[in-house]
Amino acid sequence: MAIDSDVLVIGGGLAGLTSALAAARSGADVRLVSYKQSTLRNASGLIDVLGYTPDGDGPLTDPYGSIPDLPTEHPYRTVGLETVREAMSLFDEAAPQYQGEHTDTNALLPTHGGTVKPTARYPAAASAGVASDSRDMLLVGLEAMTDFDAGHVAAHLEAAGVPFDVRGETVRFPGDLKYDAKVTRYAKLLDENGKVSVDGTKRPARTEFIERVKGKLDGEDRVGFPAILGDTNAAGVRAAMSEELGADVFEVPMGPPSLPGLRLEDRLFEALDEAGGMFETGNPVRDFEADDGHVEHVLVEKNGAMVPYSADEFILATGGLVGKGINSDREGVFEPIFDCHITHSEDRYDWFDTEAFGDHPFASFGVETDSTLRPLDDSGSVEFENLRAAGAVLGGYDFAAEKSGSGVSIATGYEAGNTATMEAQ
Amino acid sequence: MSDAESNINPADETEFEPTAPNTGEEFEPVDVFPDSDDFDLRPGADSCYKCSTCDTNCPVAEVDDEFPGPKFQGPEQWRLKQADGEHTIDDSIMDCSNCLRCDSSCPSGVPLGQMHNTARGEYVSEELDTFSVEYIRNRILANYRTSAWLASKFPRTSSFFMNFGPVRWMMDKVLKVPKERDFPPFAKETFQQWWKKQGGAAGSKERAQESRRRRGEPVDAEKKVAYFHGCYSNYNTPEVAKALVNVYEYFGYEVVVPEQKCSGTPMFANGMLDDARRHAEVNVSSMSDLVEQGYDAVASCTSCSLALRQEYPELFDIDGVDEVSDNTFESVEYLRIHEDIRGELEDAEVSGELAAEFGYHAPCHARNQGLERQAVELFGELEGAEIEDVGDSCSGISGTYGWKSEKYEKSMKIADEMFEHMEEGTDSEVGMTECPTCAMQMEHGTGYEIRHPMELIEEALLE
């Protein structure tokens, strides 16, 4: 058996990447395996720690202040407040293009639905859009992009009571891109200032786009766009646009597929590479072999062949119900690789609330762990001595309602990566 | 409480009560799509929840406004076809380069590669005129093996003739094969000819046993592989195939080279599924016999290994196709699984020509098999050589795609990022990749000499 490492991380989302990064930085030989591409590309790119309490109180000003009052089964309580802070510092080091680390206070960011969202960290690309800023704002949408209706977003923000005037304008993107043009197409044209056809002549897309926006500006100090402003050269695109427009340019985070998420994914994989971590994407972990409560290796399926990957310590960061780290059928709810225990009612009609936005039990489904994040079986004993869980595969919290998904992934990933490294050495 | 146990009063069964659905009472399954020999792609189409991850991975959609992207080519087109009997496959399917980036990206497991191959096959057989230049040109390109076989009879003449100005001008005008490209030179001795001189399987067995003695392994160890070399390393780059044989024998493996045809990759990409099937039948038949005897199949071309592992079982129902798929590996991957090659390379050193800084490009088809990082990982600690990943962009050539005049510019636009990273990221003018056509594109855009990882392994461990 030749594919071996000190620590093997299963999953390439925020929790898996943070686990691997923490392990690599504390000296472990670490390998990350991810079935599919990172789910970060579906994420807004905002990094929340805690926006609301489990009872729905909020938006919270200080996310850290509320952690000691969370229910004991909450993953933040498992790892403790100090670990959450340390973990966020690791994130800040790994992702220098993020802001918000100067304060414990949540920032308020506008969303593409026109709501205002409390969040702990945000990309520099979004920073000029913070809602606590009183400068007037112009939002610019694109005719062919149905996901961002600038007028609608502006009206919603106004209704939310933001302390500035906000207006929406819609322009046509130069080159008349199709209605289903991909965000990557816009980004590439802006990155390269690529030529497009405008009234029969070839014109550089970014230059022409700036011209069109200029005509819509009416003295606003900041201009927001859907998150399409460049991919590999995003900072350059933003700087060029700000200079030409004479206003701060920012992006409003969008739904999937999301460029801010893609950029964060790229950055974190780069950080892992720099830290000496190994990674591979494309094949699922299907099974494992254990001896007396000790996982010996997992089996990675490669087009029908089962290939063993051995390690001293394993980290399960496969995601929740959406990421498929937790699955269910008519019979029950289960964790598909190690079959870790997941507490749930036998009657599947108890899994959800009848109200769409009600308090759904399924939202908190996940594995329960001991104080070092090792999953527990139904009798409360540790399932495997060298398996830890991180991120959305954990139970005991509802990340969508609390706005705590990223923070829990980072904090538990950090803890799992560090503890696994310590155990492996 | 299950549905069957739920207590429903028949009188109320028209009332919908979400917590106690009245299903299961008189349910009769309906066969929505009656018996047919066609592929049933419905499970794939149903799994698509339109997150568009595939679209953000598509290198063509990034540069071409007219290309509607993989989400349309796959699940949406399939649904449209079910909606009415009149919907035919959209001609934009021919702009898909079959890089399969979408296929490996889908978080929901939609078999986009299979959907695209099926759609393209249907388009070519139903919509494309077999007397059209496009069809004829594509058929010639797809059947590269035939041309290469012919050319290898007169390698010097062919290499000259294929790149002779007036000939290329004619080919551009008549066949729409871009004159900008250089045809790869044909080897004076094919790999197969060399292999025979080496004594074939019997010679390999002897050398493998010798290695096992040297390595302190049991002389009769069951270490045997069937090598699928593909067309390119036979006719154009036999040095890659020879390196593979030498490296495998060094690790104590007996190599056999079974009867084989084209893997079918260029045929899938051109919608020539009948041609592909004919070749696949030969390959599966000879490989499955060997698998039964305990051999594993290895390929040095990542598109060949992908075809045998994934595209064959997705597209063809041939006896033994699953067994071959389950036992086929990319050649470096196989050594990583079974040997401590990482450790041996950490202790090794290269000097001479291959002591260089390689700009490594991971082919899309390697990415699809989860192999995009293995060269970087393996050679990271190798003394004398350095390896720099030139990023995750597609090389743009996608086999025969960049060999079509109307696609040439697009192919170069896709490759821009890779060329740039190669030139910025490395000091020596050498590149590395597993895929022969990616290598062609890398050389075409930068003038670098491009090597296969197996050649560096050979240099490090054997020389």
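The values are calculated or read from the model by the stated rules, or taken from the named source; none is laboratory data. Since this is a predicted model, take the numbers as computed values, not measurements. We place every Cβ from the backbone using ideal geometry, glycine too, and count neighbours over all the protein chains shown.
The set of residues from the range A:306-356 being more than 18 Å from residue A:412 (Cα to Cα), of a type in the set (Val, Ile, Thr) and under 22 Å from the mean Cα position of the chain (by Cα) comprises just one member, A:322. Is it the case, given these coordinates, that residue A:2 is surrounded by fewer than 17 Cβ atoms within 10 Å (Cβ to Cβ) and within 14 Å of another protein chain (Cβ to nearest Cβ)? Yes.
Within the range A:394-423, take every residue that is assigned to a helix (DSSP H, G or I), aliphatic (A, V, I, L, M) and in contact with a helix residue (DSSP H, G or I) (Cβ under 8 Å, 6 or more places away or on another chain) and give me the one that is surrounded by the most Cβ atoms within 10 Å (Cβ to Cβ). I'd like the intermediate steps shown before the answer.
Residues of the range A:394-423 that are assigned to a helix (DSSP H, G or I), as a first pass: A:399-402, A:405-423.
Now restrict to residues that are aliphatic (A, V, I, L, M): A:400-401, A:408, A:410-411, A:416, A:420, A:422.
After this cut, where a residue has to be in contact with a helix residue (DSSP H, G or I) (Cβ under 8 Å, 6 or more places away or on another chain) as well, the list is A:400-401, A:408, A:410-411, A:416, A:420.
Working: A:400: 13, A:401: 19, A:408: 29, A:410: 29, A:411: 31, A:416: 35, A:420: 32.
Selected residue: A:416.
Within the range A:372-393, if we keep just the residues that are assigned to a loop (DSSP other than H, G, I, E, B) and in contact with a helix residue (DSSP H, G or I) (Cβ under 6 Å, 6 or more places away or on another chain), the residue that is surrounded by the most Cβ atoms within 10 Å (Cβ to Cβ) turns out to be A:390. Applying the criterion of at least 2 residues that are within 10 Å of chain B (Cβ to nearest Cβ) and within 30 Å of residue B:50 (Cβ to Cβ) to the strands (runs of 3 or more DSSP E) found wholly in the range A:219-330 leaves A:278-281, A:294-302. The residues of the range B:376-407 that are more than 14 Å from chain A (Cβ to nearest Cβ) and either in contact with a strand residue (DSSP E or B) (Cβ under 6 Å, 6 or more places away or on another chain) or of a type in the set (Asp, Glu) (or both), listed by number, are B:383, B:384, B:386, B:406. Go through the range B:357-389 and give me each residue that's free of Cβ contacts under 8 Å to residues at least 40 places away in the same chain and within 20 Å of residue B:62 (Cβ to Cβ). Once the filter is applied, which keeps residues that are free of Cβ contacts under 8 Å to residues at least 40 places away in the same chain and within 20 Å of residue B:62 (Cβ to Cβ), the range B:357-389 yields B:372, B:389. Considering the range B:265-375, there are no qualifying strands (runs of 3 or more DSSP E) wholly inside with 3 or more residues that are within 12 Å of chain A (Cβ to nearest Cβ) and more than 19 Å from residue B:233 (Cα to Cα). Of the helices (runs of 4 or more DSSP H) lying entirely inside the range B:137-244, those containing at least 1 residues that are among the basic types (Lys, Arg) and modelled with pLDDT of 95 or more are B:191-197, B:200-215. Set side by side, the residues A:92, A:69 differ, and just one is in contact with an Asp or Glu (Cβ under 9 Å, 6 or more places away or on another chain), modelled with pLDDT of 95 or more and of a type in the set (Asp, Glu), which is A:92.
Of the listed requirements (1) assigned to a loop (DSSP other than H, G, I, E, B); (2) under 19 Å from residue A:117 (Cβ atoms); (3) in contact with a Leu (Cβ under 8 Å, 6 or more places away or on another chain), residue A:161 misses just one: (3). Condition check: part of a helix (DSSP H, G or I) and within 20 Å of the chain's Cα centre (by Cα). Does residue A:32 satisfy that? No; evaluated as a whole, the condition is false for this residue. Inclusion of residue A:64 among residues that are touching a residue at least 60 places away in the same chain (Cβ under 8 Å) and among the aromatic types (Phe, Trp, Tyr) is not warranted.
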